[in-house]
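*Asks:* Let me give you the structure first, and then I'll get to my questions.
The values are calculated or read from the model by the stated rules, or taken from the named source; none is laboratory data. What you see is a predicted model, and the numbers here were worked out from it, not measured in a lab. Here Cβ is always computed from backbone atoms with ideal geometry, including for glycine, and neighbour counts include all displayed protein chains.
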Amino acid sequence: MTPAEIRAAVIDILETIAPDEDLTNLDDTKEFREQMELDSMDFLDIVMELRKRYRVQVPEEDYENLVSMGSTVSYLEPKMAGIPAE
Amino acid sequence: MYDSIIIGAGMSGLAAGIRAAYYDQKVCVLERHYTIGGLNSFYRLRGRNYDVGLHAVTNFTPPGAKKGPFARLLRQLRMTWDDFGLSPQLMSSISFPGIELQFDNNIDLLRSEVSREFPSQIDNFDRLIESLIDYDDLEQKHFETSTRERLEQLISDPLLIEMILCPIMWYGNPRERDMDWGQFCIMFRSLFLEGFARPFDGVRLILKKLVRKFRELGGELKLRTGVSKIKVENGRAIGVILDSGEELTGLNILSSAGAVETFNLCETEENIHAHTTGQLSFVEAISTLDKYPRELGHNKTIVFYNDSEKFHWERPTDDFCDIRTGVICTPNNYCYDEKDGDLPDGVMRVTALADYARWRNLDKVFYPKTKNNWFEQIQASAIRFVPDYRPHVIDTDMFTPHTIHRFTWHENGAVYGATRKWLDGTTAIKNLFLCGTDQGFVGIIGSIVSGISMANQHLLVRS
Ligand SMILES: Cc1cc2nc3c(=O)[nH]c(=O)nc-3n(C[C@H](O)[C@H](O)[C@H](O)COP(=O)(O)OP(=O)(O)OC[C@H]3O[C@@H](n4cnc5c(N)ncnc54)[C@H](O)[C@@H]3O)c2cc1C
């Protein structure tokens, strides 16, 4: 997957977790929690959805990489490079 | 071999099951009763639908709200606001002799009532609201401090303290007399800062949606399937033995049967002190009327009443029931959708405190007689606070602590479970976890959130 495809995949996950959020103006450089109402349970859901959908494992010590869209995509890039886009 | 075995198909067990199944686990929910729901089930009698528990779904927040337990559970269960079909309450009250505080789903009404009846206390009341612990900051160490002591520090009029405690203890205090501060904060938020609502079709709507979701995701629900033992090897739970004798193995076991009840199922020396067993149980006198309560001039959703200045929250020790205090619920008095209209009949439900042991010890002849006798007394107590509906009663039903025990197996028929809570859900036995009432969140929304969070922490994240 390219970074753009990974971003789209993460957006899709966010839409599933928080269907009431408007994500069209999401700023990739800002933290998710500044822009959306995400609590710790929702945050874990991102990790678990990644595992469910793409078999990508995010160990607990890496959670800090998932604070914003930008950092999430860079963190996932090497892990998801080999996954074909849908 | 299951990834997760869940004991109990009440709100918490079903919610936990949905989470596990959603994340592709092989999961089963085992329920001893022939139907789902546990403490909040439903039944049909002489052609009418009854709910067991539901007075009000607490924690109500309107569509689009992103904060609070209700919004959180919708996101976690991948359900929509409409799935719960909730209609908000009209207005409720806390009624003591000669004084009443009304409240609805906007805290402003209760604030203005407090400032009218207790003008010197409104700043104290605001300070109380500010000092409530947030749901996410609940930790065992502040959880167990005394609510009465806290309130005495904040509020200087003892009558206001009793009036605040009455509804809050009624809707979620497992302890006698005093309450854990953590539990108080949870309940204060869920009653006054969030609010009351009800699905037009009652609790069956919520339960059916939960079960459908669980099954669609591949979960297995087994009714009439009681767990008689939890198998423990080297301090680790490895599976369950069913009432039928059949054995099932699982990597993790999550139980909503109650803490003491669950430990009693374990083949282990580990035993917990009986004094944590809850003592508080209820009777409920349900009347069907030939008129709508509003036609009798009754427009309130719930009335929490107490007939003296002091509120007594304890198991009756010298009689079957204590009818000095009670809760009167009128399921008709919600803002239902116009397309639904009103319920088919007028209904008044009155709950009173009751002593489990006394009810259990009655024989077949005296049990129904005692029920009839107390039905009359409970109604007579309630009509001091609502219009006299007795001439309009066309059908009745009543459940007792014995009924609650018989259909949910909770010790003492204790509706809010043990007097201490297991907030992190872990037990002395590895791979065995608790959810629901004894984890710490009670009520419909509370127990669903409990099931979700315990499934997340113990069934999903660690695996
Ligand atoms: C009279 C009454 C009024 C209430 N009113 C309200 C209200 O108005 N609003 C509100 O929000 N809440 C209300 N509640 C509280 C609410 O119903 C409960 O807090 C909630 O349903 C608890 O859910 P739970 O999943 O924790 O437990 P339960 O519903 O008790 O679930 C446990 C399940 O485990 C099963 N089980 C037990 N032992 C075994 C075993 N060995 N093997 C297999 N299965 C087993 C039981 O049968 C039960 O189905 C009321 C409760 C009662 C009784």
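*Asks:* Which condition number in (1) within 14 Å of chain A (Cβ to nearest Cβ); (2) in contact with a Cys (Cβ under 9 Å, 6 or more places away or on another chain) is the one that B:TRP81 fails?
*Replies:* Condition not satisfied by B:TRP81: (2).
*Asks:* While we're here: Give the residues of region A:45-59 that are away from chain B (no Cβ under 11 Å) and outside any loop (DSSP other than H, G, I, E, B), sorted by residue number.
*Replies:* A:ILE46, A:LEU50, A:TYR54, listed by residue number.
*Asks:* Using the structure shown, decide if B:ASN431 is more than 21 Å from B:LEU207 (Cβ to Cβ), within 14 Å of chain A (Cβ to nearest Cβ), in contact (Cβ under 8 Å) with a residue 40 or more places away in the chain and not hydroxyl-bearing (Ser, Thr, Tyr). Break it down into steps so the answer makes sense when it comes.
*Replies:* Values: more than 21 Å from B:LEU207 (Cβ to Cβ): yes; within 14 Å of chain A (Cβ to nearest Cβ): no; in contact (Cβ under 8 Å) with a residue 40 or more places away in the chain: yes; not hydroxyl-bearing (Ser, Thr, Tyr): yes.
For B:ASN431, the condition - more than 21 Å from B:LEU207 (Cβ to Cβ), within 14 Å of chain A (Cβ to nearest Cβ), in contact (Cβ under 8 Å) with a residue 40 or more places away in the chain and not hydroxyl-bearing (Ser, Thr, Tyr) - is not met.
*Asks:* Within 14 Å of another protein chain (Cβ to nearest Cβ) and assigned to a helix (DSSP H, G or I), is that true of B:ALA20? Steps first, please.
*Replies:* Working: within 14 Å of another protein chain (Cβ to nearest Cβ): yes; assigned to a helix (DSSP H, G or I): yes.
So B:ALA20 passes the test.
*Asks:* Yes or no: B:THR35 farther than 26 Å from A:ILE46 by Cα, hydroxyl-bearing (Ser, Thr, Tyr), within 11 Å of the ligand (Cβ to nearest atom) and in contact with a Gly (Cβ under 8 Å, 6 or more places away or on another chain)? Explain how you work it out, then say what you get.
*Replies:* Details: farther than 26 Å from A:ILE46 by Cα: yes; hydroxyl-bearing (Ser, Thr, Tyr): yes; within 11 Å of the ligand (Cβ to nearest atom): yes; in contact with a Gly (Cβ under 8 Å, 6 or more places away or on another chain): no.
The answer is no for B:THR35.
*Asks:* Moving on to the next point. Return a yes/no flag: does region B:167-184 have any residue that is surrounded by 14 or more Cβ atoms within 10 Å (Cβ to Cβ) and farther than 30 Å from B:THR317 by Cβ.
*Replies:* No: zero hits.
*Asks:* If I ask for residues that are more than 12 Å from the ligand (Cβ to nearest atom), among the hydrophobic types (A, V, I, L, M, F, W, C) and not in a helix (DSSP H, G or I), which ones from region B:172-209 would you list?
*Replies:* B:MET179, B:PHE200
*Asks:* Look at A:ASP45 and say whether it is more than 26 Å from B:THR80 (Cβ to Cβ) and of a type in the set (Asp, Glu).
*Replies:* Values: more than 26 Å from B:THR80 (Cβ to Cβ): no; of a type in the set (Asp, Glu): yes.
Considered against the rule, which asks whether it is more than 26 Å from B:THR80 (Cβ to Cβ) and of a type in the set (Asp, Glu), A:ASP45 comes out as no.
*Asks:* Can you spot a residue in region B:127-138 that is of a type in the set (Ser, Thr, Tyr), more than 14 Å from chain A (Cβ to nearest Cβ) and under 26 Å from B:LEU423 (Cα atoms)?
*Replies:* If we filter region B:127-138 for residues that are of a type in the set (Ser, Thr, Tyr), which is where we start, we get B:131, B:135.
Imposing the further condition that a residue be more than 14 Å from chain A (Cβ to nearest Cβ) reduces the set to B:131.
Imposing the further condition that a residue be under 26 Å from B:LEU423 (Cα atoms) reduces the set to B:131.
Checked region B:127-138: at least one residue is of a type in the set (Ser, Thr, Tyr), more than 14 Å from chain A (Cβ to nearest Cβ) and under 26 Å from B:LEU423 (Cα atoms).
*Asks:* Looking at B:LEU73, B:LEU109, B:LEU54, B:LEU101, which one is in a loop (DSSP other than H, G, I, E, B) and closer than 18 Å to B:PHE196 by Cβ? I'd like the intermediate steps shown before the answer.
*Replies:* Details: B:LEU73 fails: in a loop (DSSP other than H, G, I, E, B); B:LEU109 fails: in a loop (DSSP other than H, G, I, E, B); B:LEU101 fails: in a loop (DSSP other than H, G, I, E, B).
Going through B:LEU73, B:LEU109, B:LEU54, B:LEU101 in turn, the sole match is B:LEU54.
*Asks:* Ok, one more. Among the residues of region B:399-422, is any farther than 26 Å from B:TRP313 by Cβ, away from chain A (no Cβ under 14 Å) and surrounded by fewer than 22 Cβ atoms within 10 Å (Cβ to Cβ)? Working first, answer last.
*Replies:* Initially, region B:399-422 is screened for residues farther than 26 Å from B:TRP313 by Cβ, giving none.
Scanning region B:399-422 turns up no residue that is farther than 26 Å from B:TRP313 by Cβ, away from chain A (no Cβ under 14 Å) and surrounded by fewer than 22 Cβ atoms within 10 Å (Cβ to Cβ).
*Asks:* Only one residue in B:ARG224, B:ARG150 is outside any helix (DSSP H, G or I), of a type outside the set (Ser, Thr, Tyr) and modelled with pLDDT of 95 or more. Which one? Give the steps one after another, and end with the answer.
*Replies:* Details: B:ARG150 fails: outside any helix (DSSP H, G or I).
Among B:ARG224, B:ARG150, only B:ARG224 is outside any helix (DSSP H, G or I), of a type outside the set (Ser, Thr, Tyr) and modelled with pLDDT of 95 or more.
*Asks:* Could you list all residues from region B:210-244 that are under 22 Å from B:VAL260 (Cα atoms) and either within 14 Å of chain A (Cβ to nearest Cβ) or away from the ligand (no atom under 13 Å from the Cβ) (or both)?
*Replies:* B:LYS231, B:VAL232, B:GLU233, B:ASN234, B:GLY235, B:ARG236, B:ALA237, B:ILE238, B:GLY239
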